[in-house]
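**Student:** Sharing a structure with you now.
The values are calculated or read from the model by the stated rules, or taken from the named source; none is laboratory data. It should be emphasised that the depicted structure is a prediction, and the values quoted were computed from it without experimental measurement. We place every Cβ from the backbone using ideal geometry, glycine too, and count neighbours over all the protein chains shown.
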Amino acid sequence: MLCCNHPQRERINNMGWTIKQMAEKTGFAVDSLRYYDTLSEIKTVTTTLFQEPSAKCNRINKDLLQCKRTELTESIQNFKSIIKFIDKVQPMLDDADAFMKNAGEIQGFIQSIYDNIRKTGWALVK
């Protein structure tokens with residue numbers, strides 16, 4: 001999706017097309033467009049489909065793809081951190097003493113994951 005502060009976001013989202021008009025122009029079902037209307041990526045792509053090919057259109061779509069790639073990469077990294085945490089803690093569940101002995105390190109790792117998810121704009125919950 002276009003980054004929240006991307007200068008094209010406001011202009012693209014205000015093209016003035018109704019969902020019915022968008023359905024007629026794209027051939028997508030109205031119900032599908034109503035569902036995806038909350039996804040600015042779909043709106044951006046369908047909007048640029050009907051513009052003359054240009055460097056500007058290419059830049060908008062390139063920015064869209066780059067932002068989406070960044071967002072997905074951040075989500076993947078956050079999931080990898082969680083998997084690493086699970087792999088580290090799981091063996092400790094066999095021995096209560098080991099878990100208690102490492103409680104501070106475990107808490108620090110949990111905090112680190114949480115802080116990184118906050119820093120990346122809650123990339124897991126998008």
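**Student:** For the range 91-118, how many residues are under 21 Å from Ile76 (Cβ atoms) and either free of Cβ contacts under 8 Å to residues at least 24 places away in the same chain or not hydroxyl-bearing (Ser, Thr, Tyr) (or both)?
**Tutor:** Residues of the range 91-118 that are under 21 Å from Ile76 (Cβ atoms), as a first pass: 109-118.
After this cut, where a residue has to be either free of Cβ contacts under 8 Å to residues at least 24 places away in the same chain or not hydroxyl-bearing (Ser, Thr, Tyr) (or both) as well, the list is 109-111, 113-118.
So the answer is 9.
**Student:** What number of residues within the range 98-109 satisfy the criterion of being at pLDDT 90 or above and surrounded by 13 or more Cβ atoms within 10 Å (Cβ to Cβ)?
**Tutor:** The total comes to 0.
**Student:** I would also like to ask the following. What about Met92, is it surrounded by 14 or more Cβ atoms within 10 Å (Cβ to Cβ) and aliphatic (A, V, I, L, M)?
**Tutor:** Values: surrounded by 14 or more Cβ atoms within 10 Å (Cβ to Cβ): yes; aliphatic (A, V, I, L, M): yes.
Yes, satisfied.
**Student:** Looking at (1) within 27 Å of Thr18 (Cα to Cα); (2) at pLDDT below 85, which one does Asp95 not meet, given that it meets all the others?
**Tutor:** Unmet for Asp95, out of (1) within 27 Å of Thr18 (Cα to Cα); (2) at pLDDT below 85: (1).
**Student:** Now for a separate question. Considering only residues that are more than 21 Å from Ile117 (Cα to Cα) and at pLDDT 85 or above, which ones fall in the range 66-92? If you could, list the steps in order and put the result at the bottom.
**Tutor:** Our first condition is that a residue be more than 21 Å from Ile117 (Cα to Cα); within the range 66-92, this holds for 90-92.
Hits for the range 66-92 are Gln90, Pro91.
**Student:** Would you please list the contacts, defined by Cβ atoms under 8 Å and residues six or more apart or on different chains, that run from a residue in the range 54-78 that is under 30 Å from Ile110 (Cα atoms) and part of a helix (DSSP H, G or I) to a residue that is modelled with pLDDT of 85 or more and not polar (S, T, N, Q)?
**Tutor:** Asn78/Ile113
**Student:** Looking for something closer than 23 Å to Lys62 by Cβ, modelled with pLDDT under 50 and outside any helix (DSSP H, G or I) - is there at least one such residue anywhere in the range 7-21?
**Tutor:** Taking the range 7-21 and keeping what is closer than 23 Å to Lys62 by Cβ, we get 7-15, 17.
Going one step further and asking which of them are modelled with pLDDT under 50, we end up with 7-14.
Checking which are outside any helix (DSSP H, G or I) leaves us with 7, 14.
Scanning the range 7-21 turns up at least one residue that is closer than 23 Å to Lys62 by Cβ, modelled with pLDDT under 50 and outside any helix (DSSP H, G or I).
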